[in-house]
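Have a look at the structure below, then the notes.
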Amino acid sequence: MNELRKIKRLISARRSSQWSSGKYDWQKPFDTLRHKWVEVPTTRSGRKSTADLLSLSDQELLAEWTTSRQDITTGSEFAHRGWYHTLYAESMRGKKLLDIGSGFAIDSITFAQHGAKVTFVDLARSNLEVVQRLCGLFSLKSTSFILMEDIGSLHTLDMDYDLIMAMGSLHHAPVGIIKPEVQELVKHLKTGGRWLQLAYPKTRWIRDGSLSFDKWGEMTDGKGTPWAEWYDLPKLLHLMEPTHFDVVLSQEFHNSDFIWFDLLYRGNKMESKFDE
Ligand SMILES: C[S@@+](CC[C@H](N)C(=O)[O-])C[C@H]1O[C@@H](n2cnc3c(N)ncnc32)[C@H](O)[C@@H]1O
């Protein structure tokens with residue numbers, strides 16, 4: 001309980017100081033994020049603008065995506081994205097999957113190739129256009145594409161997703177902005193469904209010098225990144241309250257550069273109390 005109060009106090013302190021005083025404007029959070037995120041991570045440390053990717057020929061775009069996946073999942077980078085492709089891909093057949101902040105969709109296209117029906121959601125139209133073109137080139141049919149203008153864009157999503165995944169997307173804005181987004185997303189997850197998230201752990205933040213989150217964003221993801229915030233399990237579960245999740249995995253990996261959450265959705269505590 002004390003821990004919960006501490007987190008609430010931290011959130012409100014952060015809201016009043018860092019949000020307004022940093023160089024990024026959080027009054028229109030999704031515009032601020034969109035300004036940066038018209039580029040997507042491609043290789044282990046590289047990013048490309050999706051306008052540039054759209055100017056490639058089909059062959060070149062396919063080669064770019066295929067090389068990116070290889071770079072980020074094999075050899076020493078098996079410990080980056082390869083392990084969870086291996087762990088989850090075979091279980092994806094027939095599953096309805098929502099990828100929030102799909103970027104270059106290295107993970108979600110891979111899961112689509114293993115039979116998942118994927119809804120790709122992103123803030124930037126050009127990012128989605130790249131992914132849509134790739135899905136066409138890979139002849140992936142069970143796909144849909146949602147441009148997220150703001151949280152309202154999520155209202156019309158189906159209500160029966162088996163999985164929601166957020167790979168490196170939701171830690172790029174202050175938790176006070178992300179909480180309503182998470183709350184909306186969870187409404188679209190089946191009871192018994194899974195929440196998969198890749199984020200940055202506190203260990204990395206401390207190792208990098210405990211910078212303010214606007215400065216840390218620029219360190220982790222390059223110039224113009226408005227925010228990067230560490231996550232741990234209590235913080236994530238707090239964002240999801242009053243819904244209830246069991247923890248399948250909560251694990252730092254790749255030399256604590258990342259943290260993985262795999263949570264099993266048990267439903268809404270408030271509703272189940274009401275039902276009793
Ligand atoms: C660091 S990239 C990660 C892309 C991809 N998921 C991956 O694993 O490589 C962040 C992506 O998430 C999107 N994004 C950032 N913040 C978001 C938010 N709050 N909601 C939805 N998408 C977001 C960006 O447009 C961008 O495509």
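Odds and ends about this structure:
- Matching residues, segment 174-198, being more than 12 Å from I100 (Cβ to Cβ) and of a type outside the set (D, E, K, R): P174, V175, G176, I177, P180, Q183, T191, G192, G193
- Among the residues here, D221 does not qualify as under 12 Å from the mean Cα position of the chain (by Cα), within 11 Å of the ligand (Cβ to nearest atom) and farther than 21 Å from P234 by Cα.
- All helices (runs of 4 or more DSSP H) inside segment 186-241 with 1 or more residues being within 20 Å of K23 (Cβ to Cβ) and small (G, A, S): 213-221
- Residue check, D52 of a type outside the set (G, A, S), closer than 17 Å to E129 by Cβ and assigned to a helix (DSSP H, G or I): yes
- Condition met for I259 (within 12 Å of the ligand (Cβ to nearest atom) and touching a residue at least 40 places away in the same chain (Cβ under 8 Å)): no
Every number in this text was worked out from the coordinates using simple rules, so none of it is lab data. The model shown is predicted, which means the values in this text are computed figures rather than measured ones. Backbone-built Cβ (ideal geometry, glycine too); neighbour counts: all protein chains shown.
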